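Colleague: Quick one: this structure, given as structure tokens, is what I'll be asking you about.
Nothing in this text is a laboratory measurement; each read-out follows from the coordinates by a stated rule. In this text, all values refer to a predicted model and were calculated from it rather than measured experimentally. Every residue, glycine among them, receives a Cβ derived from its backbone with ideal geometry; neighbour counts consider all protein chains shown.
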Amino acid sequence: MSHHILEVKDLVFSYPDTTPALNGVSFRITHGEAVGIVGANGAGKSTLLMHLTGCLFPGAGSVRIGDHVLTRQNLNQVRSRVGMIFQDPDDQLFMPTVFDDVAFGPLNQGVPAEEIETIVERALETVGALHLKTRPPYKLSGGEKRRVAIATVLAMSPDILIMDEPSTGLDPQARRQLIALLKTFEHTKIIATHDLDLVLDLCGRTIILHQGTVAADGNTHAIFADEKLLLDNHLEKPLSMQGVQNDVGATVTQKAAGCRAIRVD
């Protein structure tokens, strides 16, 4: 399944003001992998994602999606293989109704009108949002918007899902629902995020970016257990790996220890 492969080779990019953003980034992601891209602010995560979707083109090096090296000439062909889910769902939802938003991509791909309803309903059903199809997007909750944004991408049948901070702005329940949903997808998944617990839940492999270079690439648990590596790259262990024992032997997180819950009725 070569069309599921994504390969970045010696990628170099600087912004017009000469600010360097990526400096020799290389990695290869194969069919069905779920890979977390993590790093401090300014590490190059967003710039990298923009290269993977053809929003930016490298000063040197290459991005290959399947059998094609990404160029301006084959951009539309390559983008049909890759679905991008933005950090802010409002950047992705702009039509009068949810149905219209999910239909927008397939219609622009030239899918016959008589097939659109089936495609839209299947995508919405996959994310548990079929009941929202007649709703205006601006009336949805944050979690509902996230589900619909994912449906807009699924409707175009991509091989690779790329997500930028997918848990941003979600309450704990919506975040858990998102993680459960993403676990059901067999797509190749690339998730750039500061939410290391989400990466721990979803990604068997993690790439750390630091100042535009790959500082580490390997098993997620091994990387997150390496305290010196995390410290050197301005990261902290996921909360779920910061366990300490309390007086009765129950495991609590270091962040939560010492906090007091207040109930508001």
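Colleague: Between region 146-169 and region 41-103, how many Å separate their Cα centres?
Modeller: Using only Cα atoms to place each centre, the spacing works out to 11 Å.
Colleague: Hey, another quick one. I'd like the FRET efficiency for Ser141 and Thr30, computed as 1/(1 + (r/R0)^6) with the beta carbon distance as r and R0 of 30 Å, rounded to 0.05.
Modeller: Calculated transfer efficiency: 0.25.
Colleague: Let me confirm the definition first: pairs of Lys residues in the chain, 8 or more apart or on different chains, C-alpha distance under 17 Å. How many are there?
Modeller: 5
Colleague: May I pose another question? How much length is gained if the chain between Val12 and Thr213 is pulled fully straight, taking 0.36 nm per residue apart and subtracting their Cα-Cα distance, in nm to one decimal?
Modeller: Contour length minus Cα-Cα distance gives 71.4 nm.
Colleague: Follow-up question, since we're still on this one. What relative contact order, as a whole-number percentage, does the chain give when Cα pairs under 8 Å and 6 or more residues apart are counted? The partial results should precede the final answer.
Modeller: Details: 474 pairs, mean separation 61.7, N = 265.
That works out to 23 percent.
Colleague: Place the peptides 8-21, 81-94 in order of packing, highest mean first, counting for every residue the other Cβ atoms within 10 Å and averaging per peptide.
Modeller: Going from most to least packed, we get 81-94, 8-21.
Colleague: Turning to a different aspect of this structure: Using the Cα centre of region 2-237 as the reference point, and only Cβ charges (+1 on K/R, -1 on D/E), how large is the resulting charge dipole? Debye, rounded to the nearest 20.
Modeller: Computed about the Cα centre, the dipole is about 120 debye.
Colleague: Mind listing P(r) for the chain? All alpha-carbon pairs, 10 Å bins, whole percents.
Modeller: All Cα pairs considered, the percentages come to 7, 27, 33, 22, 9, 2, 0.
Colleague: How much of the DSSP bridge set in the chain is antiparallel, in percent, rounded to the nearest 5?
Modeller: Close to 60 percent.
Colleague: Given a cut-off of under 8 Å on Cα pairs at least six residues apart, what relative contact order in percent is computed for region 1-49? Before the final figure, lay out each step's value.
Modeller: Details: 57 pairs, mean separation 16.8, N = 49.
That works out to 34 percent.
Colleague: Work out the FRET efficiency for Gln173 and Ala225 from their Cβ-Cβ distance, taking R0 = 35 Å, and round it to the nearest 0.05.
Modeller: Details: r = 28 Å, r/R0 = 0.81.
About 0.80, to the nearest 0.05.
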